[in-house]
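Presented below is the structure to which this report refers.
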Amino acid sequence: MNRIAVVILNWNGAKLLEQFLPSVIAYSEGATLYVADNASTDASLEVLRTQFPSVKIIQNEGNYGFAKGYNVALQQVNEPYYALVNSDIEVTEGWLTPILTLFDTQPKVGIVQPKLLDYKKKTHFEYAGAAGGYIDRLGYPYCRGRIFDTIEEDHGQYDDAAQIFWASGACFFIRRDLYRTLSGFDGDFFAHQEEIDLCWRAHNLGYRAQYTPLSVVYHVGGATLHESNPRKTFLNFRNSLLMLAKNLPSKDLVPLLFARLCLDGLAGLQFILKGKWSHCWAIIKAHFSFYALINKTLKKRGTVQQADYYREVSIVYRYFVKNGTVFE
């Protein structure tokens, strides 16, 4: 058995498979390649069977989204290490070697992220994960190389191997046994921020997430759900609240959730001022969905809640008030 499985989740992404699978096949020697298909209605399965016969197909019975889609598919994948890769990722030669080295030599490294650069502008980091993720005291995520909408050019400033808080789901490496111990992603999230929640739960078990610059991939970003789509706003706001309710230390739970709900209201007002009424409505729906799931979510809280999860007290304050647009 190969030590690592590269698993690409697909839904109606036939064109993306044709464009990006060749690089994955060319540079993933020694890995087993899978495409987990979320009941696509386009030509995805035909493309896989005719153009990429070496890739194993896992057929999910419905469009389960990112979280449940992977959870269902990975029940059939038994390699000790997983590489969960978006269908719009171009990989580079040797991209798996640094990951295998980390997993083989550092048993407490449970999750790894490579350097994530922008496929459309390869000199710059990519929004979804850049050089590894963190969250501030209020649970707002940001990255080395990307804070809110400010994205840095890559000129080697993050070419150090660093411990991070979360790894991007665009290209996410995790030990199989850890994934199964954590019962995978939270299916209630459907998509967006489920990887941050999973990383947080891994931290609570004493595992680390690590960034390595020695593995480089390029990500298109927004290929399946563009940032202008109110559905993305709904998922991001709702899932952020769910994540905090599951993982915040008990003493912080009520005050920080209240603060976030208030700040979400300000974000909704900003959308109104910009004429983006559908995004404001998406935040309102996100809150109602959160309230509907709150009791179920609180029951998922783990027994270990660490308080040292943040670097910044408020990345919002530093970015919008102090004009701190670069990671420190």
Can you find even one residue in region 138-149 that is over 30 Å from V254 (Cβ atoms) and open to solvent by 30 Å² or more (accessible area, probe 1.4 Å)? yes
Quick one: in region 98-116, of everything that is hydrophobic (A, V, I, L, M, F, W, C) and open to solvent by 10 Å² or more (accessible area, probe 1.4 Å), which residue is farthest from Y309 (Cα to Cα)? L100
Scope region 183-213; condition touching a strand residue (DSSP E or B) at 6+ places or on another chain (Cβ under 9 Å), assigned to a loop (DSSP other than H, G, I, E, B) and either over 17 Å from P249 (Cα atoms) or modelled with pLDDT of 95 or more (or both); matching residues: Q193, Y207
Given A39, A26, which one is open to solvent by 20 Å² or more (accessible area, probe 1.4 Å), on the phi > 0 side of the Ramachandran plot and among the aliphatic types (A, V, I, L, M)? A39
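State all residues of region 36-58 that are under 22 Å from the mean Cα position of the chain (by Cα) and more than 23 Å from D186 (Cβ to Cβ); if no residue qualifies, say none.
Kept after step one, since they are under 22 Å from the mean Cα position of the chain (by Cα), are these residues of region 36-58: 36-40, 58.
Listed by number, the list holds a single entry, S40.
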Do you know which residues across region 92-116 are under 17 Å from the mean Cα position of the chain (by Cα) and under 21 Å from L17 (Cβ atoms)? P114, L116
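Yes/no per residue for (1) without any contact (Cβ under 8 Å) to a residue 24 or more places away in the chain; (2) not in a helix (DSSP H, G or I):
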site: F237; (1), (2): no, no
site: L241; (1), (2): no, no
site: F258; (1), (2): yes, no
site: G275; (1), (2): yes, yes
site: W281; (1), (2): no, no
site: R301; (1), (2): no, yes
site: Y309; (1), (2): no, yes
site: V313; (1), (2): no, yes
Residue under question is T123, and the condition is that it be at pLDDT 95 or above, open to solvent by 10 Å² or more (accessible area, probe 1.4 Å) and closer than 21 Å to V24 by Cβ; does it hold? no
Checking V326, V313 in turn, the sole residue that is over 20 Å from K232 (Cβ atoms), open to solvent by 100 Å² or more (accessible area, probe 1.4 Å) and either among the β-branched types (V, I, T) or under 24 Å from the mean Cα position of the chain (by Cα) (or both) turns out to be V313
Looking at (1) polar (S, T, N, Q); (2) within 21 Å of F165 (Cβ to Cβ); (3) open to solvent by 30 Å² or more (accessible area, probe 1.4 Å), which is the only condition N78 fails? (2)
Of the residues in region 1-22, those that are more than 24 Å from E61 (Cα to Cα) and open to solvent by 20 Å² or more (accessible area, probe 1.4 Å) come to M1, N2, R3, Q19, P22
Exactly one condition in (1) surrounded by 24 or more Cβ atoms within 10 Å (Cβ to Cβ); (2) within 23 Å of R201 (Cα to Cα) is not met by A128; state its number. (1)
Cross-chain or 6+ apart pairs with Cβ under 7 Å, region 1-19 first and without any contact (Cβ under 8 Å) to a residue 40 or more places away in the chain, then of a type in the set (A, V, I, L, M, F, W, C) and surrounded by 18 or more Cβ atoms within 10 Å (Cβ to Cβ): A14/V47; E18/V47
Filter region 42-70 down to the residues that are open to solvent by less than 30 Å² (accessible area, probe 1.4 Å) and in a helix (DSSP H, G or I), then identify the one that is modelled with the lowest pLDDT. G65
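The values are calculated or read from the model by the stated rules, or taken from the named source; none is laboratory data. Quick caveat: nothing in here was measured; it's all calculated off a predicted structure. Please note: Cβ atoms are built from the backbone with ideal geometry, for glycine as well, and neighbour counts cover all protein chains shown. Heavy atoms of the whole protein, side chains included, go into the accessibility calculation; ligands, DNA and RNA do not. Shrake-Rupley method; radii C 1.70, N 1.55, O 1.52, S 1.80 Å.
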